[in-house]
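Enquirer: Once you've had a glance at the structure underneath, I'll fire off some questions.
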Amino acid sequence: MLKSFVHYYKPHWKLFLFDMVCALVAACCDLMYPVVSRNIINTYIPDKNLRLILTWCAMLLLIYIVQTIMQYFMQYQGHVVGVRMQADMRRDVFNHLQKLPFSYFDEHKTGVIMSRIINDLMDISEFAHHGPEDLFISLVTIVGSFIILCTINIPLTLITFAVLPFLVLFIVKKRTAMTLAFRKTRVEIAEVNASLENSIAGVRVSRAFSGENEETKKFAQNNQRYVTVREGSYRVMAEFFSGTNFLTSLMNVVILSGGGYCVYRGFINVGDMVAYMLFINMFVNPIKKLIQFVEMFQNAITGYSRFKELMDEAPEKESTGAVELGDVRGNITFENVTFQYNEGKEVLSDISLTFPESKMVAIVGPSGGGKTTLCHLIPRFYEISGGTISIDGHDIRNVTRSSLRQKIGIVQQDVFLFTGTIYDNIAYGKLGSSREEVIEAAKKANIHDYIMSLPEGYETYVGERGVKLSGGQKQRISIARVFLKNPPILILDEATSALDNVTENYIQDSLDELCKNRTTIVVAHRLSTIKNADEIIVMDRDGIKERGTHTELLANDNGIYRELYEAQFARI
């Protein structure tokens with residue numbers, strides 16, 4: 001893990017090295033004050049040498065000016081290193097997310113994923129800067145202090161530093177407890193984020209069902225769990241900091257008693273005693289920095305381990321020797337296809353069927369029959385458990401996902417629009433397209449006139465997830481997006497089921513235009529929209545039950561399709 005973390009320093013090694021040089025100079029500047037003070041007290045004051053006293057005071061002032069400059073660069077450039085590393089990690093994890101299979105997002109909450117990308121990486125960024133810097137300064141100060149103090153009085157120095165092993169043992173003992181406490185905190189704050197994201201996204205539903213109190217209750221429960229875990233971590237931190245503070249304070253007691261005895265016996269003079277006191281006070285700060293380093297390290301290592309867990313998730317892999325899918329006519333064949341989610345019950349079992357080139361095939365049946373799942377297998381959103389799916393004779397596992405998905409257009413019931421303008425959302429269908437192409441696609445989708453009636457036209461912002469638009473308007477924008485893509489294969493997954501009949505009829509013309517000269521697969525509950533399909537396939541949990549044209553299926557008195565049709569139109 002440490003090796004992979006250090007890898008992120010490499011692009012910024014020059015800036016990091018400069019930061020460490022500044023830290024070295026700043027630490028050396030700190031060591032000068034006790035030495036100069038000792039010489040002034042022991043030599044220059046008794047000799048009444050005012051010129052040397054003033055000269056060394058001026059030198060100290062110059063040293064502190066240099067130290068100030070070094071600290072400025074440490075604070076500025078050091079943080080720059082940290083934030084750039086954080087940006088690199090966020091880039092890598094975002095790019096990795098784009099390659100993860102859909103099953104990962106099915107099993108993980110959006111809020112938890114966001115917490116790993118934002119909160120965890122923030123602590124990693126702080127450690128990336130302060131961690132090595134604090135550790136380096138502390139070691140230079142401690143080692144430098146030890147060497148200088150040994151030149152004054154070795155026995156007293158050894159007695160003073162004898163406290164250090166107890167401090168190290170205490171830190172090691174508390175480290176495990178802190179690691180567990182901080183990991184639990186990370187998990188709980190991720191759950192709070194997930195609960196918050198879910199409540200905000202569903203605010204309209206909760207308001208519609210007067211569920212504000214229920215949402216508040218659920219959030220309060222998650223929030224209280226976080227508070228409980230955080231309180232536990234603070235207890236461990238309190239033990240850690242109070243214990244280490246006592247041990248560092250003990251060093252002052254040791255030097256005061258031991259140094260006083262040495263002065264009394266004549267082993268050292270008053271100037272040496274003052275130098276000892278100054279060094280020990282300066283020595284305590286690096287130890288406290290080391291303690292802070294441990295805290296930052298625990299935060300960072302916990303966050304980085306969660307970051308690595310995400311990065312270690314297996315991405316979608318291309319088959320060995322996968323090729324680009326070239327021109328497609330659109331003949332799709334399922335041969336004995338089986339599929340199941342995560343070793344669970346089979347959703348599809350031994351399915352064999354064909355979607356002919358440039359024909360419309362509709363799939364209907366009760367909910368839970370695997371209709372949408374079947375459609376998701378064609379663009380390889382999920383991998384089949386057995387059998388073969390081929391397009392124009394090419395096994396889809398032997399072609400690259402990117403080239404496969406470029407040939408498929410999907411219009412779903414739940415339309416997702418990105419935060420941005422109408423133009424941006426339509427243009428997403430074919431990145432790099434011209435404005436004329438976007439407008440032409442909007443015209444084909446019968447949305448151009450509406451867009452032009454808006455004050456800002458195509459530059460109108462749609463709001464988060466298109467909240468400022470009606471369901472019909474969002475659906476037509478999604479249709480325009482597919483028109484712009486112009487794929488040879490089209491999947492309409494309950495494309496109009498969320499719309500009212502008037503809006504559906506209006507959009508149906510756009511869909512009919514979109515389906516021309518394409519292999520079209522339609523998943524529909526409203527059977528009136530698929531009467532003209534070239535073939536209708538009826539599916540339930542046990543697989544394909546019926547297939548034929550609308551007329552042929554209605555002729556079967558005991559058929560599932562006829563039962564669905566009559567039940568649907570009996571309600572009208």
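Enquirer: In nm², what is the average projected area of the convex hull enclosing the Cα atoms of segment 63-205?
Expert: It is 13.5 nm².
Enquirer: With +1 on each Lys and Arg Cβ and -1 on each Asp and Glu Cβ, and nothing else charged, work out how big the dipole of segment 509-572 is about its Cα centre, in Debye to the nearest 20.
Expert: Using Cβ point charges on Lys, Arg, Asp and Glu, segment 509-572 gives about 140 debye.
Enquirer: Next question. If you split all Cα-Cα distances of segment 118-188 into 10 Å bins from zero, what percentages do you get per bin, shortest first?
Expert: 16, 30, 31, 16, 7, 0
Enquirer: Over the alpha-carbon set of the chain, work out the extent along each principal axis and list the three values in angstrom, largest first.
Expert: 119, 54, 48
Enquirer: List the residues whose amide H sits under 5 Å from the amide H of Ile491, counting only those 5 or more places along or on another chain, with H placed 1.01 Å from N in the peptide plane.
Expert: Those qualifying (amide H under 5 Å, at least 5 residues apart or on another chain) are Gly409, Ile410, Val411, Ile521.
Enquirer: Something else about it: Given 25 °C and 0.890 mPa s, how large is the Stokes-Einstein diffusion coefficient of segment 63-115 in µm²/s, with Rh as the Kirkwood radius over Cα pairs? Show your work: numbers first, answer last.
Expert: Values: Rh = 14.0 Å.
In µm²/s, the coefficient is 175.
Enquirer: Looking at this model, which pairs from Lys14/Lys184; Lys3/Lys289; Lys217/Lys371; Lys3/Lys109; Lys109/Lys317; Lys407/Lys474 are more than 31 angstrom apart at the alpha-carbon?
Expert: Where the Cα-Cα span goes over 31 Å, the pairs concerned are Lys14/Lys184; Lys217/Lys371.
Enquirer: Applying the Karplus parametrisation 6.51 cos²θ - 1.76 cosθ + 1.60 with θ = phi - 60° to the phi angles of segment 16-27, what ³J(HN,Hα) value in whole Hz is obtained for each residue in order, glycine and proline being reported as x?
Expert: Per-residue couplings from phi come out as 5, 5, 4, 4, 5, 5, 4, 5, 5, 4, 5, 5 Hz.
Enquirer: For segment 323-337, in order, what is each residue's ³J(HN,Hα) by Karplus, 6.51 cos²θ - 1.76 cosθ + 1.60 with θ = phi - 60°, in whole Hz (x at glycine and Pro)?
Expert: So the Karplus estimates, Gly and Pro as x, are 10, 6, 7, x, 4, 10, 7, x, 8, 10, 10, 9, 10, 6, 7 Hz.
Enquirer: What's the whole-number percent of alpha carbon pairs in segment 361-459 lying beyond 20 angstrom?
Expert: Tail of the P(r) past 20 Å holds 54 percent of the pairs.
Enquirer: Would you please classify the overall shape of segment 533-572 from the alpha carbon gyration tensor, given that a ≥ b ≥ c denote the square roots of the eigenvalues, rounded means a/c under 1.5, and beyond that prolate means a/b larger than b/c while oblate covers the rest?
Expert: Verdict is oblate for segment 533-572.
Enquirer: Would you kindly compute the Cα radius of gyration of segment 239-381 and its largest Cα-Cα separation (Dmax), both in Å?
Expert: That works out to 36.2, 106 Å for Rg and Dmax.
Enquirer: Any idea what the alpha-carbon Rg over 2.2 N^0.38 Å comes to for segment 211-301?
Expert: Rg over 2.2 N^0.38 Å, computed on Cα atoms: 1.87.
Enquirer: Determine, for each peptide in 272-280, 88-96, the mean count of other beta carbons within 10 angstrom over its residues, then list the peptides with the highest first.
Expert: 272-280, 88-96
Enquirer: Let me ask another. If I compute solvent accessible area with a 1.4 Å probe over the protein chains, what percent of it on segment 61-120 is carbon and sulfur? Working shown, then result.
Expert: Values: 2160 of 3340 Å².
Carbon with sulfur: 65 percent of the solvent-accessible area.
Enquirer: Which semi-axes, in whole Å and largest first, does the equivalent ellipsoid of segment 1-103 have when worked out from the alpha carbon gyration tensor as the square roots of 5 times its eigenvalues?
Expert: Largest first, segment 1-103 gives 49, 11, 8 Å.
Enquirer: What do you get for trypsin sites (Lys or Arg not before Pro) in segment 1-79 restricted to DSSP loop and a cutoff of at most 13 other Cβ within 10 Å of the site's Cβ?
Expert: Filter output for segment 1-79: Lys48.
Enquirer: Sum up the charges of everything whose Cβ sits under 9 Å from the Cβ of Tyr226, counting Lys and Arg as +1 and Asp and Glu as -1, but leave Tyr226 out.
Expert: 0
Enquirer: Also: Please list 429-440, 515-526 highest first by mean number of surrounding beta-carbon atoms within 10 Å per residue.
Expert: Descending mean neighbour count gives 515-526, 429-440.
Enquirer: Then there is this: Starting from 0.36 nm per residue, how many nanometres of slack lie between Asn336 and Ser352 once their C-alpha separation is accounted for?
Expert: Between Asn336 and Ser352, full extension yields an extra 5.3 nm.
Enquirer: On to the next question. Taking only DSSP H segments of four or more residues, each worth -39500 (n - 2.57), what value at 222 nm results for the chain once the sum is divided by all its residues, to the nearest 500 deg cm²/dmol? Don't skip to the end; give the middle numbers.
Expert: Values: 19 runs with 359 residues, N = 572.
It comes out at -21500 deg cm²/dmol, rounded to the nearest 500.
Enquirer: Hey, got the Cα dimensions of segment 401-557 along the principal axes, in Å, largest first?
Expert: Each principal axis gives a Cα extent; for segment 401-557 these are 55, 36, 26 Å.
Enquirer: Same structure, new question: Sort 136-144, 555-563 by packing, meaning the average of other beta carbons within 10 Å per residue, with the highest value first.
Expert: In descending order of packing, they fall as 136-144, 555-563.
Enquirer: How large is ³J(HN,Hα) for each residue in segment 540-550, as worked out from phi by the Karplus curve 6.51 cos²θ - 1.76 cosθ + 1.60 (θ = phi - 60°), to whole Hz, x for Gly and Pro?
Expert: 9, 4, 9, x, 7, 9, 8, 7, x, 7, 4
Enquirer: Tilt of helix 110-152 relative to the longest C-alpha principal axis of the chain, in degrees (0 to 90, nearest 10)?
Expert: It is inclined by approximately 20 degrees.
Enquirer: Under unit Cβ charges (Lys, Arg +1; Asp, Glu -1), what dipole magnitude, rounded to 20 debye, does the chain have relative to its Cα centre?
Expert: 2140
The values are calculated or read from the model by the stated rules, or taken from the named source; none is laboratory data. No experiment lies behind these values; they were computed from the predicted model shown. All Cβ positions, even for glycine, are placed from backbone atoms using ideal geometry, and neighbour counts span all protein chains on display. Heavy atoms of the whole protein, side chains included, go into the accessibility calculation; ligands, DNA and RNA do not. Shrake-Rupley method; radii C 1.70, N 1.55, O 1.52, S 1.80 Å.
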